[in-house]
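Heads up, the thing below is written out as structure tokens.
The values are calculated or read from the model by the stated rules, or taken from the named source; none is laboratory data. Please read all numbers here as calculations on a predicted model, not as lab measurements. Cβ atoms come from the backbone with ideal geometry, glycine included; neighbour counts cover every protein chain shown. These area figures cover heavy atoms from the full protein model, side chains too; ligands, DNA and RNA do not enter into them. Shrake-Rupley method; radii C 1.70, N 1.55, O 1.52, S 1.80 Å.
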Amino acid sequence: MSISRSLKNPAAFLFLSTTILATDAAAQLLEEVVVTAQRRAENVQNVPISISTFSGDFIEESGIDTLQDLGQYTPNLTLSHSSQVANHRIIMRGVGSVGNNAIEPSVAVFIDGVYYPRPASVVGSLTDVEMVEVLRGPQGTLFGRNASMGALNIRTKNPTRDFQGEIRGTIGNYGQHRVSGNVSNALTENTAGHFSFNYSDRGGYGDNAFTSGNSRGEVGSWEEGSARGKLHFTPSNNVDIMLGADYSRVDNQGGVIEVKSDTVLPQYLTTLGLVLDPNAVPGTVPPGFLGIGPVPDTTDTFDYNINQDHQDSGKDEQWGINLHVDWGIGGDHTIRSISSYRDWQNDTFESALRLPGDLLNRVTRYETESFSQELQLLSPEGGRFEYVAGLYYYDESYKIDQNFDLGTDFCQAAANAAFLQAFGGGAGVPTALGAAGLTSGACLSGAQTGAIEAEFQQDVTSIAVYGQFTVNLTDDLRFTGGLRWTNDDKEGSFSQSVNNLAVSPAVLNLRIPEAAPNLSFDDDELTWMVNLSYDVTEDVMAFATYSTGYKSGGFNSEGGNRLFPRTFASETVDNYEVGMKSRLLDNRLIANVTLFRTEIDDYQDRQFDGVNFIVQNAGELTQQGVELDIIARPVDRLTSVIGVSYLDSEFDHFPDATNLPAVVAFFQSQGLTPPPRDLTGERNHFSPKWQLSMMAEWSDHLPGTDLGWFLRGEYQYVSKQNVGAETNQNPQSIQPGYDLVNARAGLRGANDNWEVAAFVRNLTDENYCQTIFNQPIGTTLGLVDATTGGGMQRCVLGAPRTFGMEAVYRF
């Protein structure tokens with residue numbers, strides 16, 4: 001679908017037309033937006049970088065619950081989940097790393113100046129937010145680790161000295177309930193406090209027909225709670241102290257993951273029916289082998305109905321404390337200290353094969369403890385020469401324990417597969433299965449719990465020295481330069497044991513025993529930026545930037561069925577930008593545009609060879625395009641926001657990509673390592689050419705009253721993209737372009753002290769896949785198509801239409 005076609009949608013066309021055509025010379029001026037993208041509070045229009053901002057009010061009025069929702073409003077930002085909630089991607093300009101391994105993120109997340117090292121730790125609700133700043137391009141000269149593609153700088157609300165607060169409640173379909181609130185007040189003459197909380201729960205979006213054993217009939221329920229507190233101390237005129245603490249917990253039961261129906265051939269179901277036949281007696285010659293085993297639901301990818309084992313659950317818990325101290329010294333200089341400690345734990349249970357049988361369960365525990373200390377020296381503002389200099393120390397201990405437990409149906413299915421191959425009944429099943437002559441008794445004699453046990457751990461120490469300065473050459477011309485030296489030192493270990501014959505190299509070959517007790521990685525990098533900005537007029541500023549970025553290398557943390565390199569190299573980025581920021585039409589229109597070109601060397605990609613996910617350095621990738629942000633108040637009652645991005649993506653050199661499933665299956669069956677696929681000249685995954693988002697809100701007063709009313713519409717378009725979990729440009733993994741429409745309407749009290757609203761998200765119930773991945777061990781079972789090279793695929797569904805009511809009281 002093209003943008004021109006999507007705009008034929010009547011709601012979208014009316015929305016855009018109203019925004020552009022309406023004008024009123026008496027319109028209220030747009031408010032100034034203050035950001036801290038350059039470590040100082042300043043007007044966003046004076047910051048010469050590509051940045052989108054979202055106030056806490058915007059987030060609440062749009063019903064944005066999570067960072068994933070925020071991606072619907074931001075050019076060149078996408079957030080998606082895969083089979084685990086812990087497998088969370090934050091993607092900027094088409095580049096992002098999965099969150100359930102030891103690879104560092106490409107997009108750094110900071111909340112109140114504190115670095116959150118694992119993307120999975122920011123899956124919960126966005127509550128009590130003052131501002132979200134989406135900073136595109138490398139940010140390493142001012143921000144902490146691994147901001148090679150950009151950063152999300154999130155500020156939560158600070159205490160106020162006057163008593164104020166709010167309470168907010170929501171109910172909706174799928175049993176949704178949510179309550180949140182906050183309160184601020186002075187505690188003593190020099191102390192103020194702020195406290196906020198959030199609790200929400202909802203039922204699952206999907207229904208499951210397979211309810212044998214512990215398999216759930218409802219799929220995807222979600223419950224979470226969080227609390228945050230801040231104390232603000234001002235012991236003297238030149239000392240400012242902010243102490244913060246937070247806690248959150250998320251309990252979920254996985255996502256709705258369906259078979260992608262257009263990837264299923266009839267023989268796949270025949271094979272699965274034979275392998276999952278509960279009455280087969282291996283050792284008895286067919287036709288006593290009836291093949292009456294259950295098969296997954298393959299009728300409709302997007303009906304939220306499945307027929308498969310679903311015991312998925314996840315418990316995510318984290319807490320942290322942070323201390324900010326600003327000390328004014330020697331005139332207007334400031335010394336700033338930011339100290340933090342964070343603890344994150346996630347326990348995830350998955351029905352790994354997602355077939356109708358209790359087969360193979362993956363149990364994973366993620367643990368990370370991190371400490372960071374940052375010292376900054378900030379010069380006075382407004383002079384000819386301004387600067388920020390800093391020291392940064394970061395220490396993290398990260399551990400991943402992962403076990404594979406055999407379910408009650410696994411041994412029968414494994415023996416069936418071995419027997420089928422021995423008699424030529426399982427065309428895609430490796431010869432090793434038949435040669436092993438596996439019986440269910442042999443499988444049952446081995447370990448069932450902990451059939452595979454793997455443990456990964458690493459300790460990271462990172463230190464950095466950085467500085468950024470601005471020279472005001474004239475009243476209109478400024479030069480900015482920045483430099484950062486970073487050193488990353490990592491020590492780690494990986495061990496894996498195989499405790500059951502069925503999963504050993506002799507049979508299914510899912511994992512091999514391995515011990516790598518002394519992993520070591522050390523690298524340092526000098527990154528820098530130069531920027532020139534010029535005030536063309538009082539309301540128009542042009543800028544040009546060259547910057548470099550760095551993302552640390554590290555260790556492969558996942559197990560495998562063969563030996564592969566446990567260490568991969570660092571990734572480096574060269575980024576070029578030219579842009580313009582403008583306030584037009586008597587401050588009724590803000591229009592910002594950036595053209596960019598990002599060149600990535602030693603790009604860190606995750607290869608999949610049918611069994612193993614292996615992080616490797618892919619080669620060279622170029623992402624380039626344009627980003628446009630518009631905010632307009634053409635009439636006093638209408639506020640609108642438009643974001644547009646165009647992205648061109650190409651691998652300049654990538655000869656070692658993952659191959660197509662049928663090629664992987666063939667070489668697997670011969671006991672050989674599948675050859676790579678050359679993707680030089682192809683697009684990267686998760687890189688849509690076009691993203692378009694629009695919002696318009698019309699508000700007015702009810703005649704003869706002090707009550708107000710509003711009507712809000714939102715529209716998003718994402719063009720087609722390949723959302724395959726492994727980078728192989730498999731055409732089966734292409735998600736066609738799709739449109740999302742949201743709406744909200746309600747009443748507001750005098751002075752906005754209360755609000756009641758009705759809302760609907762995904763109004764048209766649009767169907768789309770967040771991520772597409774191969775059917776687990778599908779290549780082992782021969783669920784592949786030799787003609788097209790494809791195979792049976794799985795779709796992680798986006799959220800369906802949701803609606804409800806919300807009430808807010810402010811005091």
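If I ask for residues that are buried (at least 17 other Cβ atoms within 10 Å of the Cβ) and either among the charged types (D, E, K, R) or more than 27 Å from the chain's Cα centre (by Cα) (or both), which ones from region 208-223 would you list?
Step one: filter region 208-223 for residues buried (at least 17 other Cβ atoms within 10 Å of the Cβ), giving 208, 210, 215-216, 219-222.
Correct list: Phe210, Ser215, Arg216.
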*Residue among Asp300, Asp262, Asp246 that is surrounded by 15 or more Cβ atoms within 10 Å (Cβ to Cβ), touching a residue at least 12 places away in the same chain (Cβ under 8 Å) and of a type outside the set (A, V, I, L, M, F, W, C)*: Asp246
*Is there a residue in region 111-120 that is part of a loop (DSSP other than H, G, I, E, B), closer than 26 Å to Ser221 by Cα and of a type in the set (Lys, Arg)?*
yes
*Can you name the residue in region 573-618 that is aromatic (Phe, Trp, Tyr) and in a strand (DSSP E or B) and is also modelled with the lowest pLDDT among such residues?*
Phe608
*Among the numbered criteria (1) at pLDDT below 90; (2) within 25 Å of Ile400 (Cβ to Cβ); (3) among the hydroxyl-bearing types (Ser, Thr, Tyr), which single criterion is violated by Thr127?*
(2)
*Are any residues in region 418-459 at pLDDT 80 or above and assigned to a helix (DSSP H, G or I), and if so, which ones?*
Cys443, Leu444
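Here are Val593, Val573, Val578: which of them is in contact with a strand residue (DSSP E or B) (Cβ under 8 Å, 6 or more places away or on another chain), crowded, with 22+ Cβ neighbours inside 10 Å and aliphatic (A, V, I, L, M)?
On the way: Val593 fails: crowded, with 22+ Cβ neighbours inside 10 Å; Val578 fails: crowded, with 22+ Cβ neighbours inside 10 Å.
So the residue among Val593, Val573, Val578 that is in contact with a strand residue (DSSP E or B) (Cβ under 8 Å, 6 or more places away or on another chain), crowded, with 22+ Cβ neighbours inside 10 Å and aliphatic (A, V, I, L, M) is Val573.
Residue-by-condition table, conditions (1) open to solvent by less than 10 Å² (accessible area, probe 1.4 Å); (2) outside any strand (DSSP E or B); (3) of a type in the set (D, E, K, R):
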position: Leu135; (1), (2), (3): yes, no, no
position: Pro138; (1), (2), (3): no, yes, no
position: Phe143; (1), (2), (3): yes, yes, no
position: Ile154; (1), (2), (3): yes, no, no
position: Thr160; (1), (2), (3): no, yes, no
position: Glu166; (1), (2), (3): no, no, yes
position: His177; (1), (2), (3): no, no, no
*Is it the case that Val723 is within 25 Å of the chain's Cα centre (by Cα), of a type in the set (A, V, I, L, M) and either open to solvent by less than 20 Å² (accessible area, probe 1.4 Å) or over 30 Å from Val663 (Cβ atoms) (or both)?*
yes
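I want to confirm something. Restricting to region 327-385 and keeping residues that are among the acidic types (Asp, Glu) and open to solvent by less than 40 Å² (accessible area, probe 1.4 Å), which single residue is farthest from Ser215 (Cα to Cα)?
The first filter runs over region 327-385 and keeps only residues among the acidic types (Asp, Glu), leaving 332, 343, 347, 350, 358, 367, 369, 374, 381.
Still in the list and also open to solvent by less than 40 Å² (accessible area, probe 1.4 Å): 343, 350, 358, 374.
On the way: Asp343: 31, Glu350: 11, Asp358: 8, Glu374: 48 Å.
Going through the qualifying residues, I end up with Glu374.
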_Single match in Asp277, Asp309 (criterion: more than 30 Å from Arg39 (Cα to Cα), crowded, with 18+ Cβ neighbours inside 10 Å and touching an Asp or Glu at 6+ places or on another chain (Cβ under 8 Å))_ = Asp309
*Criterion violated by Ile49 - all others in (1) open to solvent by 20 Å² or more (accessible area, probe 1.4 Å); (2) aliphatic (A, V, I, L, M); (3) within 22 Å of the chain's Cα centre (by Cα) satisfied*: (3)
*For region 227-243, how many residues meet the condition of being open to solvent by 30 Å² or more (accessible area, probe 1.4 Å) and in contact with a Leu (Cβ under 9 Å, 6 or more places away or on another chain)?*
5
_All but one of (1) open to solvent by less than 10 Å² (accessible area, probe 1.4 Å); (2) within 18 Å of Val615 (Cβ to Cβ); (3) in a loop (DSSP other than H, G, I, E, B) hold for Asn100; state the number of the condition that does not hold._
(1)
_Let me confirm something: among Leu647, Leu621, Leu679, which residue is part of a loop (DSSP other than H, G, I, E, B), modelled with pLDDT of 95 or more and aliphatic (A, V, I, L, M)?_
Leu679
_Single residue of Asp648, Asp636 found to be over 21 Å from Val784 (Cβ atoms), in contact with a strand residue (DSSP E or B) (Cβ under 8 Å, 6 or more places away or on another chain) and surrounded by fewer than 20 Cβ atoms within 10 Å (Cβ to Cβ)_ = Asp648
*Which members of region 701-720 meet the condition of being open to solvent by 10 Å² or more (accessible area, probe 1.4 Å), under 30 Å from Asp785 (Cα atoms) and assigned to a strand (DSSP E or B)?*
none
